[in-house]
Every structure is written in C-alpha cells, then in structure tokens.
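Since the structure comes first, as structure tokens, the remarks are kept for the end.
The values are calculated or read from the model by the stated rules, or taken from the named source; none is laboratory data. All values derive from a computational prediction rather than experimental measurement. In this analysis, Cβ positions are derived from the backbone assuming ideal geometry, glycine residues included, and neighbour counts consider all displayed protein chains.
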Amino acid sequence: MQDGSGSPKYTINKLLRGVDFDAAVTKTREALSAKGFGILTEIDVKATLKKKLDVKVDDYLILGACNPTMAHEALKLEPRVGAMLPCNVILRKVGEHEIEVSAIDPVASMTAIDNSELKSVAVRVRELLRSVVEEI
C-alpha cells in the first residue's frame, strides 16, 4: 500500500541527498537518541547477504530502535505487543548520492490489535519517529 506520494503507508520516509551512508547512520542514531530511543538491534543487510548468499547489494542497515518509556506503556496494555517491538528504522542507499531513511509507522503495525489505549501509545510513538526522521 502506498500513499499519494508513492511512499508506503507503513513507513515514515525521508530521502537524504549528498550525504554518505556512514554520515546518514550517525545522524539517524543521534536523532533517535535525542528523542529517547536506544538501538537494541542492528542488522547490516549488505554484509549478511554477502556472507550468507554471496550476493552484492547496496548499503542497507536495519536499526531496531526502542523508546523504553513507550515500550513499557505498550507492554502494560498488551503483553504480546513485544512481538512487534522494537521499532525498525532502515537506511538504504537508493542512488549514487542518496540515502533513504524509513521508520516503521507504529500505528500501521498496530492495526491488527484491537486495543484503543494501545493505539493511542502508537500515535505518540509515530509522532516521535516522524520528528526523528524530519530532523535527520
């Protein structure tokens, strides 16, 4: 599914131009930290696919970000929501000098759970992630 801009409805996206991949990763980490997110997991998709399948792909990194306060709230409301945590943020090279940053939209990912209080938490997390992406 995509919105009118051609971007998927399940992610919050920004295209960075004229920034190298490592600088984009640093800026993303800093923006996440400034909004209370820590990085729980990190998957270097490029390195993993090279090692496991011997294929070459462009730079692609998945950061598993977690805001402990919001995660705690969500877990109190719905103990199984942990299956949908952390909030993934990806960085991927899409052009010679372009990096796309995409964060999961937690509201979209929580549509399968019928809990209005949880959806309210998801809206707050979406706003935090939206501000992270905008600040990068």
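Go through the range 43-58 and give me each residue that's surrounded by fewer than 13 Cβ atoms within 10 Å (Cβ to Cβ) and closer than 13 Å to ILE90 by Cβ.
ASP58
Go through (1) within 17 Å of VAL133 (Cα to Cα); (2) part of a helix (DSSP H, G or I); (3) of a type in the set (D, E, K, R); (4) touching a helix residue (DSSP H, G or I) at 6+ places or on another chain (Cβ under 6 Å) for LYS27 and report which single condition fails.
(4)
Which residue pairs have Cβ atoms closer than 9 Å, lie 6 or more positions apart in sequence or on different chains, and pair a first residue in the range 100-123 that is farther than 28 Å from LYS27 by Cα with a second residue that is hydroxyl-bearing (Ser, Thr, Tyr) and part of a loop (DSSP other than H, G, I, E, B)?
Cβ pairs passing all conditions: LYS119/THR111.
Counting just the residues of the range 30-42 that are assigned to a helix (DSSP H, G or I) and in contact (Cβ under 8 Å) with a residue 12 or more places away in the chain, which one comes out surrounded by the most Cβ atoms within 10 Å (Cβ to Cβ)?
In this case the residue turns out to be LEU32.
Scan SER109, SER116, SER102 and give me the residue that is modelled with pLDDT under 95, of a type in the set (S, T, N, Q), surrounded by 14 or more Cβ atoms within 10 Å (Cβ to Cβ) and closer than 21 Å to LEU128 by Cβ. Outline the logic, then answer.
On the way: SER116 fails: surrounded by 14 or more Cβ atoms within 10 Å (Cβ to Cβ); SER102 fails: modelled with pLDDT under 95.
Within the list SER109, SER116, SER102, the selection yields SER109.
For the range 10-24: of the residues being in a loop (DSSP other than H, G, I, E, B) and within 9 Å of ILE99 (Cα to Cα), which is farthest from the chain's Cα centre (by Cα)?
GLY18
Taking ILE90 and the conditions (1) modelled with pLDDT of 95 or more; (2) in a loop (DSSP other than H, G, I, E, B); (3) β-branched (Val, Ile, Thr), which numbered condition does it fall short on, given that it satisfies the others?
(2)
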